[in-house]
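The values are calculated or read from the model by the stated rules, or taken from the named source; none is laboratory data. Keep in mind that this is a model prediction, so the values were computed, not measured. Cβ sites come from the backbone with ideal geometry, for glycine too, and all protein chains shown count toward neighbours. For accessibility, only protein heavy atoms count, side chains too; no ligands or nucleic acids. Shrake-Rupley method; radii C 1.70, N 1.55, O 1.52, S 1.80 Å.
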Amino acid sequence: MATVIKNLNMCFDGYQALKNVDLTINNGEFVAILGPSGCGKTTLLRLLAGFLKPTEGVIEIDNNVVADNKNVTSPNKRNIGMVFQSYALWPHMTVRQQVLFPMKHSIFSEYKTMQEQNDRIRTVLKLVNMETMENRYPSELSGGQKQRVAIARAIANEPGLLLMDEPLSNLDAELKIEMRREISNLHKRVGGTVLYVTHDQAEALGMADKIVIMSQGEIQQIGTPKEIFNHPVNPFVAKFVGQSNLIKGCWYGDEFVYGRNETIVDTEVAPSFKKENYYPVKADGLEMVNKNESTFCGTVKEIEFQGFQNKVILEMEDADSIQVFVPGDKMIREGEVYGIRIKSRKNVEI
């Protein structure tokens, strides 16, 4: 079920939470909305769900206008499912009753008879590995199990659009990885269209077909995970996704000059970086050399052990900090001065 958002604006008491948002979510896509806290991603989700009326703009779901600044179609009249950040399970209902609820009460339900509903409950609980716990209450479940029930309830009715609001934020690191895999596999098996809100770039990069980067209520970039990671269109995206260093210097056409006279030629950098005289490069796109081999030098301030490699934080001569990945067995000492050189794109994707 395709969803189209046109010129969407949302204001709260003079504060503009969304600014001229345009977005198309194609049928069957897994789209992640990624951005820092307060960027407007949850507001966008609530507008799609029907909990808010937009200040301006139009939302279309399946070629039907469901919201503009005059009319809003209520959530129960939209063919959507929702997984909340806090799970929002009813404490007085068993797992089975949670999953049954949308089938009994949704106007879009295709499961009318008790036999059809029972068969669907078994199918959905098996999908989320909860088939042996259908008689348990939420208080008898772990965090991961509650998450599975919330997902099962949301997909029970086979909604045209599944909305997920930071569903993994309350889970520990190991369980997050497991649930990311579960959600991705579930989407591949069941299909449907998913809009997944998160501030965790690992979730977005690992799960989504398409990523929408937001900041201060505006869309900064839309693209595949590889496009977003390897080819950011502006400094915000470069810093937020992949934590790129923004090297200061001067652009002369496709040639970037940094340090006192270090140069690199790059034809793929977006115009916004050239306008601000920055070169975006990730930590593995830099190399540390002897201070006599480069005029672009910095002092080691911090070394973070990360297994096979170390992340080295250096304070540069202009007082900015950059980070560089080096092999874990390379001897680096805090307080020492090193030269920094940008690797060619031929050697590293940045």
*Give the residue that is most open to solvent (accessible area, probe 1.4 Å), with candidates limited to residues of the stretch 96-120 that are under 32 Å from the mean Cα position of the chain (by Cα) and farther than 19 Å from ASN79 by Cα.*
GLN97
*Return the only residue of ASN69, ASN76, ASN27 being open to solvent by 10 Å² or more (accessible area, probe 1.4 Å), farther than 23 Å from ILE151 by Cβ, outside any strand (DSSP E or B) and at pLDDT below 95.*
ASN69
*Within the stretch 131-173, track down each residue that is β-branched (Val, Ile, Thr), open to solvent by less than 20 Å² (accessible area, probe 1.4 Å) and more than 22 Å from the chain's Cα centre (by Cα).*
VAL149
*Report, by residue number, each residue of the stretch 317-337 that is closer than 19 Å to LEU246 by Cβ and touching a residue at least 40 places away in the same chain (Cβ under 8 Å).*
ASP318, ASP320, ILE322, GLN323, VAL324, PHE325
*Are any of the residues in the stretch 184-193 in a strand (DSSP E or B), over 18 Å from LEU127 (Cβ atoms) and not small (Gly, Ala, Ser)?*
no
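Which one of these is under 22 Å from the mean Cα position of the chain (by Cα) and either at pLDDT below 95 or assigned to a helix (DSSP H, G or I) (or both): LEU18, LEU44, LEU8?
Step by step, each of LEU18, LEU44, LEU8 is checked, and only LEU44 is under 22 Å from the mean Cα position of the chain (by Cα) and either at pLDDT below 95 or assigned to a helix (DSSP H, G or I) (or both).
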*Kindly provide the set of residues from the stretch 221-268 that are under 13 Å from the mean Cα position of the chain (by Cα), part of a strand (DSSP E or B) and without any contact (Cβ under 8 Å) to a residue 60 or more places away in the chain, ordered by number.*
GLN221, GLY223
*Search result, residues across the stretch 202-213 that are in contact with a strand residue (DSSP E or B) (Cβ under 6 Å, 6 or more places away or on another chain) and either open to solvent by less than 50 Å² (accessible area, probe 1.4 Å) or of a type outside the set (D, E, K, R) (or both)*: ALA204, ALA208, LYS210, ILE211, VAL212, ILE213
*Please state which one of LYS6, LYS19, LYS41 is surrounded by 22 or more Cβ atoms within 10 Å (Cβ to Cβ), out of contact with any helix residue (DSSP H, G or I) (no Cβ under 6 Å at 6 or more places or on another chain), over 18 Å from GLY191 (Cβ atoms) and in contact (Cβ under 8 Å) with a residue 12 or more places away in the chain.*
LYS41
